[in-house]
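Worksheet: the structure to be examined is printed underneath.
The values are calculated or read from the model by the stated rules, or taken from the named source; none is laboratory data. Since we're looking at a predicted model, the values are computed, not measured. Cβ atoms come from the backbone with ideal geometry, glycine included; neighbour counts cover every protein chain shown.
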Amino acid sequence: MNPSLKKRFWETVTVEVLDQGFGVALDGRRIKTPAKADLAVPVRAAADLIAAEWDAQDGKVDPETMPATRWANAAIDKVTPQRAEVLALLAAYGESDLLCYRAESPVELLTLQEQAWDPVLDWAKTVLDAPLNTTCGVLPVDQPNQSVANLRSALERYDSFQIAAIHDLISISGSLVLPLALCDGALDVDHAWKITRIDEDWQAKLWGRDDEAEETARAKRASFSFAHQMLCLLR
């Protein structure tokens, strides 16, 4: 089964112990990924979340309400068979990391960025041996090849399910270094999210809040928190 189903037909949702971890069954029939692989996750808590999502479907199945299922599908169908490509895609964020691009003005915004972002870059330099260059403005700044390689090496220690969650943290934040620091415990999730929003919050302070932008930010915040939650379950 996969989230493309149009309407709920099952009565019971159960978690099953499998050789490769934990699966979820609908009326005893094991859920499959969109690519027809067995949906199996490495920890019971993740399977419980997936089961709860399927059990909560009422009438039409809505994949947008099933982040744990989407995460498992991505890990199994995308990350596992294309691991090298996914790692290369994520490592490339180290060449244009959000934390490396600072405001040219005003000085107050630049100061906020330095205070929030420099400690994270210092962590990467010290812990990962991956110093990165910063610049003011939007023109690209070259990064040391060894630093980019070391950031990729840091990613390689995570399994496919962790990488699927890290992928979301990176794509939402625009930073590779920040999610790696979050995974390492150098940051908590609330602080990590806050420092990704420095530019947006500054603009909102100047020009006022926009309802549509606020709704988009809330959705991103929920996805960011969920990805972190999955990483915590997998530790």
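Brief remarks follow.
- Residues in the range 57-86 that are loosely packed, with under 15 Cβ neighbours inside 10 Å and either of a type in the set (Asp, Glu) or at positive phi (or both): Asp58, Gly59, Asp62, Glu64, Glu85.
- Selection from the range 183-201 of residues that are buried (at least 16 other Cβ atoms within 10 Å of the Cβ) and either within 15 Å of Arg157 (Cα to Cα) or touching a strand residue (DSSP E or B) at 6+ places or on another chain (Cβ under 7 Å) (or both): Cys183
- Residue check for Leu110: assigned by TED's automatic domain parsing to the domain that holds Tyr158 and either β-branched (Val, Ile, Thr) or within 18 Å of His228 (Cα to Cα) (or both): no
- For the range 18-56, filtered to residues that are of a type in the set (Asp, Glu) and under 13 Å from Asn73 (Cβ atoms), the residue that is surrounded by the most Cβ atoms within 10 Å (Cβ to Cβ) is Glu53.
- The helices (runs of 4 or more DSSP H) located wholly in the range 141-207 that include 2 or more residues which are modelled with pLDDT of 95 or more and within 17 Å of Phe226 (Cα to Cα) occupy 160-173, 177-184, 189-196.
- Filtered residue count, the range 141-158, keeping only those that are closer than 12 Å to Val86 by Cα and either assigned by TED's automatic domain parsing to the domain that holds Ala46 or charged (D, E, K, R) (or both): 2
- Subset of the range 99-117 (residues that are surrounded by fewer than 13 Cβ atoms within 10 Å (Cβ to Cβ) and outside any helix (DSSP H, G or I)): Glu104, Ser105, Pro106
- Per-region count, the range 118-147, residues touching a strand residue (DSSP E or B) at 6+ places or on another chain (Cβ under 8 Å) and surrounded by 14 or more Cβ atoms within 10 Å (Cβ to Cβ): 2
- Residue pairs whose Cβ atoms lie under 7 Å apart, sitting 6 or more positions apart in sequence or on different chains, and linking a residue in the range 201-221 that is without any contact (Cβ under 8 Å) to a residue 40 or more places away in the chain to a partner that is aromatic (Phe, Trp, Tyr), are Arg221/Trp193.
- Of residues in the range 208-229 being outside any helix (DSSP H, G or I) and not acidic (Asp, Glu), the one surrounded by the fewest Cβ atoms within 10 Å (Cβ to Cβ): Gly208
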